[in-house]
């Protein structure tokens, strides 16, 4: 199948008018120029590689959009899947938290297991390739055995080390954290302060076991997966997580932590919403500041899939990166960071994961292809030629 006459964004350059040929879901040819009688015309559209999202928190929100209002995993996952495809995401790592001590809480270890198993059961029917990013809350001592079982069953693809104890990490600024939770959850300051004291006391009485943490990361590394560390707030914390094998630094809190991670050669992930909005909603390190200091490699959806492409393009508009460099932040770089060499760029031999963008219409995603098959189509006037069966393949 030929896709012709698109502005093609490659890892290091842009071809103003180019064509791609797909065979068995793989890019077999890249032509600088248009071809006659293509299966899919892309005139006026920009083609970029399918987005690779290493950290998306949205599934939990789909499962429980309001506290206590739970919906079936099948419904939540299928709805999120459509949103991801429409945002140009072709490979998504659903970030599942193993963090709460309360049974059946959306982020309890047992509920997390149910979600992971639910994703596994539906994976083959999804539009996007859905993988699991297990967020191991190191203060939750009941999470490790469950996570070990899932690792043994090969149901996890990334493990990240998380510590959301107030007073450090993401919640280093207690006053800001109390204000944020009070506003977000509609609770009084007194209620939030009481919860904060309880969590800090619990962490003090039963601190994380780095022996257990090292065992989890050892199992992950032996399985060939990447270990990430979340919300590091100091060079000392980076030293610690690096000692147990972490190679990805997610959302470092400040430049000190980001630069320490870079000194170790770790890949650094920041939130696309942070980059798009021009700063962190919680007052931590700005993704744009990280980029200015050369300590940003990857943008992840975090909590808003549509931000990935928009953030990359906003960085181009700010004059901070070229178009290929910015698109690499959401495609090539994340793929390579987790060892995937078969996707992330529109080159021969790569998966035919392609996003068509109308740069004359607010950079709108008008079509997403995964493995050469259309998984999202916005009814754009650029249509396949009449003899094509491309729509039937979707």
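Taking the criterion of being outside any strand (DSSP E or B), in contact with a helix residue (DSSP H, G or I) (Cβ under 8 Å, 6 or more places away or on another chain) and surrounded by fewer than 24 Cβ atoms within 10 Å (Cβ to Cβ), the residues of region 260-276 that qualify are 260, 264, 273, 276.
One line per residue, one yes/no per condition, for (1) surrounded by 21 or more Cβ atoms within 10 Å (Cβ to Cβ); (2) free of Cβ contacts under 8 Å to residues at least 60 places away in the same chain:
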| site | (1), (2) |
| --- | --- |
| 299 | yes, yes |
| 311 | yes, yes |
| 316 | no, yes |
| 329 | yes, yes |
| 334 | yes, no |
| 346 | yes, no |
| 349 | no, no |
| 355 | yes, no |
| 359 | no, no |
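Restricting attention to region 300-326, the residues that are more than 13 Å from the chain's Cα centre (by Cα) and under 18 Å from residue 85 (Cβ atoms) add up to 2.
Yes/no per residue for (1) under 19 Å from residue 226 (Cβ atoms); (2) in contact with a strand residue (DSSP E or B) (Cβ under 7 Å, 6 or more places away or on another chain):
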residue	(1), (2)
84	no, yes
99	no, yes
122	no, no
147	yes, yes
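Against the condition within 28 Å of residue 339 (Cα to Cα) and out of contact with any helix residue (DSSP H, G or I) (no Cβ under 7 Å at 6 or more places or on another chain), how does residue 109 come out, does it pass? Here the answer is no, as residue 109 does not meet what is asked. The residues of region 37-86 that are without any contact (Cβ under 8 Å) to a residue 40 or more places away in the chain, touching a helix residue (DSSP H, G or I) at 6+ places or on another chain (Cβ under 7 Å) and either closer than 22 Å to residue 300 by Cβ or not assigned by TED's automatic domain parsing to the domain that holds residue 125 (or both), listed by number, are 62, 76, 79, 80. In region 361-385, of all residues being closer than 26 Å to residue 276 by Cα and at pLDDT below 90, the one that is surrounded by the fewest Cβ atoms within 10 Å (Cβ to Cβ) corresponds to 362.
Considering only residues in region 225-236 that are in contact (Cβ under 8 Å) with a residue 40 or more places away in the chain and not in a strand (DSSP E or B), the one that is farthest from residue 158 (Cα to Cα) turns out to be 233. Note on region 108-139: among residues that are in a loop (DSSP other than H, G, I, E, B) and at pLDDT 95 or above, the one that is nearest to the chain's Cα centre (by Cα) is 128.
Could you count how many residues in region 1-32 are at pLDDT 95 or above and part of a loop (DSSP other than H, G, I, E, B)?
7
Among the residues of region 33-85 satisfying the criterion of being assigned to a loop (DSSP other than H, G, I, E, B) and within 17 Å of the chain's Cα centre (by Cα), which is nearest to residue 356 (Cα to Cα)? My answer is 50.
The values are calculated or read from the model by the stated rules, or taken from the named source; none is laboratory data. Note that the structure is a prediction, hence the values are computed from the model and not measured. Virtual Cβ from ideal backbone geometry, glycine too; neighbours counted across all protein chains shown.
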